[in-house]
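Trainee: I'd like to ask some things about the structure below.
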Amino acid sequence: KNLPIKAVLLDQSIITGLGNIYVDEVLFASKIAPYKEANKLTIDDVKKIVEASDRILKLAIENKGTTIRSYTSSLGVIGGYQNFLCVHTKTVCPICKTPISKDKIGGRSSYYCSKCQVII
């Protein structure tokens with residue numbers, strides 16, 4: 001698709017299970033900018049996304065998801081994955097200390113490091 005990878009990963013008709021928070025984290029772990037057009041991804045880029053998705057979702061499940069603000073599940077479960085977030089809602093990149101950028105992509109708030117995540 002000729003759309004930013006962030007928008008494509010959020011499209012549940014293409015891939016299911018990745019929400020806004022996890023897409024930000026997966027793209028950061030993959031070192032891929034959320035603006036990069038999906039049809040310009042290399043096979044290596046796709047492998048990085050798949051591997052990061054698997055790792056991040058497993059860790060999120062182990063920690064009962066992500067609780068930001070006052071959200072709890074219908075059973076009152078509070079998640080703990082927010083303690084592992086690298087970019088979503090953060091202000092400084094944990095790797096290079098560059099301020100985290102926040103833009104709207106595909107109608108969703110998107111957090112990314114403009115230094116670590118490149119479009120190339």
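The values are calculated or read from the model by the stated rules, or taken from the named source; none is laboratory data. Bear in mind that the values here come from a model prediction, so they are computed numbers and not experimental data. Here the Cβ positions follow ideal geometry from the backbone for every residue, glycine too, while neighbour counts run over all protein chains shown. Protein only, heavy atoms only, side chains kept; ligands, DNA and RNA dropped before computing areas. Shrake-Rupley method; radii C 1.70, N 1.55, O 1.52, S 1.80 Å.
Trainee: Anything in segment 9-51 that is open to solvent by less than 20 Å² (accessible area, probe 1.4 Å), of a type in the set (A, V, I, L, M) and under 25 Å from residue 64 (Cα atoms)? List them, or say none.
Mentor: Those that are open to solvent by less than 20 Å² (accessible area, probe 1.4 Å), of a type in the set (A, V, I, L, M) and under 25 Å from residue 64 (Cα atoms): 9, 18, 23, 26, 27, 49.
Trainee: Only one residue in 40, 31, 6, 1 is charged (D, E, K, R) and closer than 12 Å to residue 108 by Cα. Which one?
Mentor: Going through 40, 31, 6, 1 in turn, just one is charged (D, E, K, R) and closer than 12 Å to residue 108 by Cα: 6.
Trainee: Among the residues of segment 91-115, count how many are surrounded by fewer than 17 Cβ atoms within 10 Å (Cβ to Cβ), within 21 Å of residue 10 (Cβ to Cβ), at pLDDT 95 or above and not polar (S, T, N, Q).
Mentor: Qualifying residue count, segment 91-115: 3.
Trainee: What tally of residues in segment 1-30 results from selecting those that are of a type in the set (D, E, K, R) and under 16 Å from residue 90 (Cβ atoms)?
Mentor: 2
Trainee: Something else now. Name the residue that is farthest from residue 82 (Cα to Cα), counting only residues in segment 46-66 that are touching a helix residue (DSSP H, G or I) at 6+ places or on another chain (Cβ under 7 Å) and of a type outside the set (Val, Ile, Thr).
Mentor: Top of the filtered list is 48.
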